[in-house]
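Engineer: My structure is below; once you've seen it, I'll send some questions.
The values are calculated or read from the model by the stated rules, or taken from the named source; none is laboratory data. Since this is a predicted model, take the numbers as computed values, not measurements. So basically every Cβ, Gly included, is an ideal-geometry build from the backbone, and we count neighbours across all protein chains shown. Side chains included, ligands, DNA and RNA excluded: accessible areas come from the protein's heavy atoms. Shrake-Rupley method; radii C 1.70, N 1.55, O 1.52, S 1.80 Å.
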Amino acid sequence: MSASPSRIAFRQKSVIPGFGLTMGLTLTWLGLIVLLPLSALFIKTSELTFDRFIAIVTATRTLHALQVSFGLALVAALVNVVFGAIVVWVLVRYEFPFKKVVDALIDIPFALPTAVAGIALTALYAENGWVGSLLAPLGIQVSFTPLGIVVALVFIGLPFVVRTVQPVLADLDQELEEAAASLGASRPQTLVKVVLPSVWPALLTGFALAFARAVGEYGSVIFIAGNLPGVSEIAPLLIVIRLEEFRYADATAIATVMLVASFLLLLIINRLQRWAELRGSRNA
Amino acid sequence: MSTLDHPAQSAVHGASEGLPSALAQSHTYTHHGGRPVRTEPRAVRIALILVALGFLGLFIALPLVSVFYEAFRRGWAAYVAAIIEPDALAAIRLTLIVAAISVTANLLFGLVASWAIAKFEFPGKSLLITLIDLPFSVSPVVAGLIYVLLFGSQGLFAAYLQAWDIKIIFALPGIVLATIFVTFPFVARELIPLMQEQGTAEEEAAISLGASGLSTFFRVTLPNVKWALLYGVLLCNARAMGEFGAVSVVSGHVRGLTNTMPLHIEILYNEYQFVASFAVASLLALLALVTLIAKTILEHRLAEEDR
C-alpha cells in the first residue's frame with residue numbers, strides 16, 4: 001500500500017522511524033489523562049440549565065470566593081513584581097556573600113509541597129509566631145485573615161517572576177546603559193527609559209504566571225486563611241466544600257469558571273511570552 | 001554638573017580600554033566582571049541588597065527554617081515517634097508508591113512525546129506542546145474534581161465501574177491518576193526544547209549506518225538528553241510526593257489507607273498535633289532541599305554540556 005498524498009503532506013519525510021507509534025501513544029495518553037477528564041467537566045456543566053449555572057455562579061458566597069481568589073492573587077502578583085524585580089536586579093547586577101545560596105533559595109516555593117508551606121507560614125505569622133508576634137503589637141494580624149492569604153500567594157508566586165525576568169536582565173547589553181549615561185541621562189532616567197522597556201515584557205509575563213498560579217492555589221492558602229465564608233474563603237476551597245456536601249452541580253459550575261479563567265490566562269501568557277521573545281531577539 | 005561632562009567621559013573611556021582602572025573609577029565607573037559599567041551609588045546598592053534579602057528571608061528562608069524548628073521543638077524522641085507512628089509510615093509508603101508510578105508514567109510519556117515532537121516536523125506542533133503544558137495552568141482542586149466527575153459515584157463512568165466492581169476514587173488509582181495529571185508536563189517540557197535544539201543529524205547518521213530505531217534511541221538520543229531527563233524526573237518526583245490539592249479531592253482521607261504524606265500533615269495539623277505534623281512535613285522539606293541541591297548540580301552539568 002502506498003502512502004496517500006495527504007499523509008506525505010502531513011509531515012515532512014524523514015529517515016528516522018517511529019513517528020506513527022510515538023505520535024499515536026502521545027495523543028492517546030494525552031487524551032486519556034488530560035483531555036478526556038477536562039471534557040468531563042464541560043459535559044457535566046452542560047447538563048445544568050443556563051439559569052441554574054448563572055444562579056450558582058452569581059450566588060453571594062460564590063461571588064465572594066471568586067473575588068477573594070482573583071483579587072488577592074492580583075495583590076500578591078503585584079507585590080511579587082515589585083520585590084521580584086528588586087531581587088532580580090540584586091542577583092544579576094550586584095555581588096554579595098552567599099549569592100549562589102540566595103539564588104538557589106528562590107526555587108524553594110517550587111520544590112516545597114504547598115501543605116508544608118501552608119503550615120509553616122501559618123505558624124510563622126500566627127500571633128505567637130516569630131513574625132506574627134512582632135506584628136501583633138502594631139495591630140496587624142496576618143494568620144487567619146485575607147492578609148494571610150496574600151502572604152501565602154506571594155510565597156508561591158515569587159519564583160515565577162524572578163525566573164522569568166532573571167535571564168532577560170542577564171542578557172541585557174550594559175553598553176546601552178553606558179551609552180545612555182554618556183549621552184547625559186541620569187541613572188534613574190537610564191533605568192526607566194533604557195532598562196525598563198527591555199525587561200517590561202518579561203516582568204509582565206512573570207506577573208501573569210504568578211497571578212495564574214495564585215488564582216488556583218489551594219494547599220498553602222487553606223491553613224493560613226481562616227476560611228471564613230465571604231471574607232477569607234477562596235474559590236478552590238468552596239469547590240471542595242460543595243463536593244463534600246455532595247452538591248456536584250455547584251462544584252462543577254465553579255470549577256468551570258476557574259478553568260475557563262485559567263485557559264484565558266494561558267492564552268494571554270502565551271502571547272506575552274512570544275512578545276517577550278521578540279523583544280529579546282531585537283535587543284540581542 | 002553639565003551634561004557635556006558625559007560625552008567627554010565616554011570618549012576617555014572609549015579610548016582607554018587598557019588604561020589603569022584608577023582613571024576609569026575617577027569617572028564614576030566601577031568594575032563589574034572586568035568591564036567598566038555605570039551603576040548605582042553604594043548606599044543605594046546596599047539598600048537594595050538589604051531589601052531583597054529581607055524580603056527573601058521573611059517569605060522564603062524563615063518558613064523553611066521554622067519547619068525544622070517546630071518539628072524538633074519537643075526533642076528528637078518526639079520527632080522520631082511522630083515518624084514511626086503506623087499511620088505516618090502508611091502515609092510515607094503510599095506517597096512512595098504513588099510517586100514511583102506517576103514518575104515512571106511521566107518519564108515514559110516524556111520520552112515518547114519528545115521523540116514524536118522533536119524529531120519530526122508536522123503541523124499543529126505548537127498546539128500539541130500547549131496541550132501537554134495545560135495541566136500546569138489548572139487549579140489542583142479542579143484537577144482532582146475532573147477525575148471525580150469521571151469515576152466518582154455520580155461520575156460519567158459510575159455505572160461501568162460499579163458493574164465491574166472497580167474503585168478508582170477514594171482509592172490508589174484515583175490518587176495516582178490525579179498525581180499523573182498535575183505532574184504531566186514535567187519531563188516532556190525539559191526534553192522537547194533540548195531535543196529540538198539537538199536536531200536529527202546524529203540519529204539520521206546512526207540509521208543510515210544501519211542501526212535500528214530502538215538502538216539509535218538508546219545509544220544516541222538517550223545519552224544526549226540524560227541530564228535533562230534526570231532534571232525533569234527530579235522536579236516531577238518532588239511535585240508528585242508533595243501534591244496536596246488534587247490528591248485531597250480524590251483520596252477520601254482514610255487514615256492509614258488513602259492518606260499521602262501531605263494529607264497526613266493536614267490531619268495532624270487540624271488535630272493540633274503540631275510537632276507530629278511538622279515532623280512529617282520536615283521529611284518533605286528535606287526532600288525539597290535535596291531536590292534543589294541536585295537541581296543546582298544538574299544545571300551546572302547542563303551548562304557545561306552546552307559549551
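Engineer: Of the residues that make up segment B:161-171, is at least one in the same structural domain as residue B:203 (by the TED database), within 14 Å of residue B:247 (Cβ to Cβ), touching a Ser or Thr at 6+ places or on another chain (Cβ under 9 Å) and surrounded by fewer than 22 Cβ atoms within 10 Å (Cβ to Cβ)?
Structural biologist: Yes, the conditions are met somewhere in segment B:161-171.
Engineer: Check residue B:81 against each of (1) under 21 Å from residue B:292 (Cβ atoms); (2) over 25 Å from the mean Cα position of the chain (by Cα) and name the one condition it does not meet.
Structural biologist: Condition (1) is where residue B:81 drops out.
Residue by residue, here is whether (1) closer than 17 Å to residue A:249 by Cβ; (2) at pLDDT below 95 holds:
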| position | (1), (2) |
| --- | --- |
| A:33 | no, no |
| A:44 | yes, yes |
| A:72 | no, no |
| A:83 | no, no |
| A:86 | no, no |
| A:90 | no, no |
| A:94 | no, yes |
| A:100 | no, yes |
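Engineer: Is it true that some residue in segment A:230-244 is away from chain B (no Cβ under 11 Å), open to solvent by 10 Å² or more (accessible area, probe 1.4 Å) and either touching a residue at least 60 places away in the same chain (Cβ under 8 Å) or over 30 Å from residue B:268 (Cα atoms) (or both)?
Structural biologist: Yes, segment A:230-244 contains a residue that is away from chain B (no Cβ under 11 Å), open to solvent by 10 Å² or more (accessible area, probe 1.4 Å) and either touching a residue at least 60 places away in the same chain (Cβ under 8 Å) or over 30 Å from residue B:268 (Cα atoms) (or both).
Engineer: So, residue A:156, is that one more than 8 Å from every other protein chain (Cβ to nearest Cβ), in contact with an Asp or Glu (Cβ under 6 Å, 6 or more places away or on another chain) and either open to solvent by 40 Å² or more (accessible area, probe 1.4 Å) or under 21 Å from residue B:287 (Cβ atoms) (or both) or not?
Structural biologist: Yes; evaluated as a whole, the condition is true for this residue.
Per-residue answers, yes or no, for (1) surrounded by fewer than 21 Cβ atoms within 10 Å (Cβ to Cβ); (2) not charged (D, E, K, R):
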| residue | (1), (2) |
| --- | --- |
| B:42 | yes, no |
| B:45 | yes, no |
| B:53 | yes, yes |
| B:57 | yes, yes |
| B:63 | no, yes |
| B:67 | no, yes |
| B:71 | no, yes |
| B:76 | yes, yes |
| B:94 | no, yes |
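Engineer: Shifting gears a bit: For segment B:129-147, which residues satisfy the criterion of being more than 7 Å from chain A (Cβ to nearest Cβ) and either under 16 Å from the mean Cα position of the chain (by Cα) or open to solvent by less than 10 Å² (accessible area, probe 1.4 Å) (or both)?
Structural biologist: B:133, B:136, B:143, B:144
Engineer: Quick one: is residue B:178 open to solvent by less than 40 Å² (accessible area, probe 1.4 Å) and at pLDDT 90 or above?
Structural biologist: Against the criterion (open to solvent by less than 40 Å² (accessible area, probe 1.4 Å) and at pLDDT 90 or above), residue B:178 qualifies.
Engineer: Same structure, new question: Please go through (1) touching a helix residue (DSSP H, G or I) at 6+ places or on another chain (Cβ under 9 Å); (2) facing chain B (nearest Cβ under 10 Å); (3) of a type in the set (Phe, Trp, Tyr) for residue A:53 and return the number of the only condition it doesn't satisfy.
Structural biologist: Going through the list (1) touching a helix residue (DSSP H, G or I) at 6+ places or on another chain (Cβ under 9 Å); (2) facing chain B (nearest Cβ under 10 Å); (3) of a type in the set (Phe, Trp, Tyr), residue A:53 breaks only (2).
Engineer: Moving on. Output the qualifying pairs, or none if there are none: Cβ atoms under 6 angstrom, residues six or more apart or on different chains, first residue in segment A:51-79 and of a type in the set (Ser, Thr, Tyr), second residue surrounded by 15 or more Cβ atoms within 10 Å (Cβ to Cβ) and not in a helix (DSSP H, G or I).
Structural biologist: Close Cβ pairs (under 6 Å, with a partner that is surrounded by 15 or more Cβ atoms within 10 Å (Cβ to Cβ) and not in a helix (DSSP H, G or I)) amount to A:69/A:234.
Engineer: Quick check on residue B:103: is it among the β-branched types (Val, Ile, Thr), open to solvent by less than 40 Å² (accessible area, probe 1.4 Å) and more than 9 Å from chain A (Cβ to nearest Cβ)?
Structural biologist: yes
Engineer: Tell me which residues, restricted to segment A:112-134, are open to solvent by 10 Å² or more (accessible area, probe 1.4 Å), of a type in the set (A, V, I, L, M, F, W, C) and within 8 Å of chain B (Cβ to nearest Cβ).
Structural biologist: Scanning segment A:112-134 gives A:123, A:130, A:131.
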